[in-house]
Each structure stands twice: as structure tokens, then as C-alpha cells.
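Only one structure is covered here, and it is reproduced in the block below.
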Amino acid sequence: MTFNEGADLDTSQVRSGGSSRGGVLIGGGAGSIILLVIGLLLGVNPFDQGGGAAFDTSQVQQAGASEADFSQCQTGADANRDVTCRIVGTVNSVQDYWRDALPADANRQYRDAYTVLYSGQTQSPCGTASNAVGPFYCPTDEQIYIDAAFFDELTSRFGADDGALAQMYVVAHEYGHHVQNILGVLQYAQQDRQGPTSGAVRVELMADCLAGVWAHHAANTQDEDGTTLIKPLTKSDISSALSAAAAVGDDRIQESATGRVNPESWTHGSAEQRQRWFLAGYEAGTLNACDTLSAKKL
């Protein structure tokens, strides 16, 4: 996948790392799954930070908006050459899609969510953001936290390819959690946190499907001047996204971390499930294809 070189990037939708406390994260990446696997083997959940305060907005402290310089990210050409700018462009594209699609498909108004770009480590209302956790959505402040260095680990450590859509899928998945938050279904992940048919797995697979829905429409998204942001996807692009979806499957990561697979401790779904639900969203191109909460077969 490539961006149209002349498209303008809107860096006002991204922020640098800020500082705040409280809450629990949703949708952490591959690193978070490894932490969870290790925690469950030790009999603890490393993401259990004291119960149901995740949605207590009284704990919100806004991250600083102007602490980082994103001046290198001006056009689609910058997004094609620079991973940070690619994140900016993906955020622009994903939000352009959901601003129109959510009111049309679900009669809900979409509200923009910032992506916090950081390096190494930063604090969020949902705990410490780092590559040990991976990208995640924090419902308390409705922000996505990403260290661009995670994409190197996604390829070198977890086996995804290094294609652009593998990286963009991760961003779109986290924005899928934001859509779920607006729809009022994100809470199901906290009510039933583990197991092959748990609420947590259903929520994660829905976010994969929503990422696929965006991918279906990505080539129609536009910058503020009406210029198309992204060129039409190719089969190679879709294969790249599927490689990332498989790489962060619970079964793949459990086997790599412990040498065995335990579906009863799954929180995100298997590699096959994550690929299948991404494709379901991509092929249908509609929110209605992503009802994992009532699906009999995951």
C-alpha cells in the first residue's frame, strides 16, 4: 500500500507522550499478550490494576499536544518513506472513513481520537506505554498509544512481513477499539477477560474486522482538501495485513513464549481467527459484518 504523494497529512491528529495515571488498557499488541501469558503462568494478571476504574473519566489528564515535532510529515510522499509519517497518514485515513461511516451504519456520531506517538516509554491513564505492552487504546482518555519501534519487533520478533499494510492494520485495529467505545460494546472485554469464546476475544476479533472494513474503503479516504490519501490496495497489501494479524494470534505467541497453547487463557484470538475476521470486514466493507459478540462461531 502506498500513499498518494501529493496528499496532505494532518499532524494535528497525533500527539507526543503525556503523563497521567489510572485505568486499564484495551487491545495491547503482541508484547501485551506475552506479558499476559507469563502472568497467567504465574497466577496473576499483569493488566489487573485494581478493578473497574477503566471508564472513570474523572481520572483523565490530557496528554501534551505539542511536545514533539512532526514537521517531517507533510505529504503522502513522507508517509511512504517514514514510519512515523505512515502512522500519521493512517490515522488521517481511518478517521476520515469513520467520520462518515459510523453515522451512516450505526447512527452514531464519530468523535476524533488522538494517537500519542512516543519513543521508549510514556505514561497513559491506563498505565505505562512501552514496547513491552505494544500499541493499545486507552478508553479513559480515548487515545491510542504507539511507539513506531514496535513495528520492527512485529517483523523481527513475531514474524510479520515489513509491508506498509501490516503496520497500518495495527493502527486501524486500535481505532476499531475507539469505534467500539463509541458504540458502547468495548466494556464486554472487561466483563469476560479470558477464554476462546470470551468477551475479550470477541472484542478483539471485532476490532480486527473493523480494521478490515477500513481497508476495504481506504482508497476512498481523503485529506482535508479532498485529495485521495491512499492508492488502491493490492493482493500483496492484503497478504501483508494478514501476516500481522497472524503474528499476534494468541496461539502463535503462546507457543513461542511457552512451547504450548492454552485456549482457556486467550485474550485476542488465534492467528486463524484474526486473519478470518479481518478478511470478513475487508470483503464485506460494512460494520454489519463485524458482529462477533453474537456470533456462534468465532
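Every number here is computed from the coordinates shown, using simple stated rules; none is lab data. Being a predicted model, the structure only gives us computed values, none of them experimental. For neighbour counting, all protein chains shown are included, and Cβ atoms are generated from backbone atoms with ideal geometry for every residue, glycine included.
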| message | Net charge around SER236, counting only other residues with Cβ within less than 13 Å of its Cβ (Lys, Arg = +1; Asp, Glu = -1)? | response | -1
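Classify segment 104-237 as rounded, prolate or oblate, taking a ≥ b ≥ c as the square roots of the eigenvalues of its Cα gyration tensor: rounded when a/c is under 1.5, otherwise prolate if a/b is larger than b/c and oblate if not.
Rounded, since a/c falls under 1.5.
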| message | Let me check I have the definition right: for segment 203-275, take the eigenvalues of the Cα gyration tensor, multiply each by 5, take square roots. What are those semi-axes in whole Å, largest first? | response | 32, 12, 8
| Sorted peptide list for 5-13, 237-245, 289-297, criterion being average Cβ within 10 angstrom, highest first | 237-245, 5-13, 289-297
| request: Please give the peptides 100-113, 151-164 ranked by average Cβ packing (other Cβ atoms within 10 Å per residue), highest first, as a rough proxy for protection. | output: 151-164, 100-113
| request: Would you please state which residues of segment 126-154 a label at SER119 would reach in this model, taking the label point 7 Å out along Cα→Cβ and a backbone N cut-off of under 16 Å? | output: 130-131, 146-152
| Just the projected area, averaged over all directions, of the convex hull on the alpha carbon atoms of segment 94-161: how many nm²? | 5.7
| message | Would segment 180-243 count as rounded, prolate or oblate if I go by the C-alpha gyration tensor, calling it rounded below 1.5 in a/c and otherwise prolate when a/b exceeds b/c, oblate otherwise? | response | oblate
| said: Which order do the peptides 87-98, 197-208 come out in when sorted by mean C-beta neighbours inside 10 angstrom, highest first? | reply: 87-98, 197-208
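May I ask you to derive the relative contact order of segment 143-270, considering only C-alpha pairs under 8 Å and at least 6 residues apart, and to give it as an integer percent?
It rounds to 32 percent for segment 143-270.
Between ASP82 and ARG108, what is 0.36 nm times their sequence separation minus the Cα-Cα distance? Round to one decimal in nm.
6.0 nm
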| said: With the cut-off at 1.5 for a/c, could you classify segment 147-226 from its C-alpha gyration tensor as rounded, prolate or oblate? | reply: oblate
